[in-house]
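Following: one structure in structure tokens, then a few remarks.
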Amino acid sequence: AIFERFDKDRSGKIDTMELRDALYSLGYAVPHSVLQVLISKYDDGSGRRGELNFDSYPVLVWECGMIVKGLTEKFKEKDTHYTGSATLDYNTFMTIVIPFIVP
């Protein structure tokens, strides 16, 4: 039912904009470039780029939601004035990101 809620065009696939809406419903406004990376990570190998099938969807939303939530919290620690920007050196950046991409 949740998959169908965001599969607006009833294609049986979730495209970039539908994924954007799903993550937005969880409270995350994810940039288009990041959405494309997320979708490519869970590509089903069908050759149709930019879409997720039903089997990939639950894992994607859960995993992406956790990653986006964690990275957002880490970013907020550096963006102390809540301006939407922060200055990080390379070591700090890697310290923040690596735990989210290496299991």
- If the cut-off is 30 Å between C-alpha atoms, which lysines fall inside it for LYS8, apart from same-chain ones fewer than 8 positions away? LYS41, LYS69
- Rounded to the nearest 0.05, what FRET efficiency do ASP9 and GLU77 give with R0 = 41 Å and r taken as the Cβ-Cβ distance? Could you check? 0.60
- For LEU26, LEU88, write out the residues from largest to smallest accessible area, computed with a 1.4 angstrom probe and no ligands counted. LEU26, LEU88
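Quick check: net charge around THR80, other residues with Cβ under 14 Å of its Cβ, Lys/Arg +1 and Asp/Glu -1?
0
The values are calculated or read from the model by the stated rules, or taken from the named source; none is laboratory data. The structure displayed is predicted, hence computed values, not measured ones. Counting neighbours? That spans all protein chains shown, and the Cβs are built from the backbone with ideal geometry, glycine included. SASA here: full protein model, heavy atoms, side chains in, ligands and nucleic acids out. Shrake-Rupley method; radii C 1.70, N 1.55, O 1.52, S 1.80 Å.
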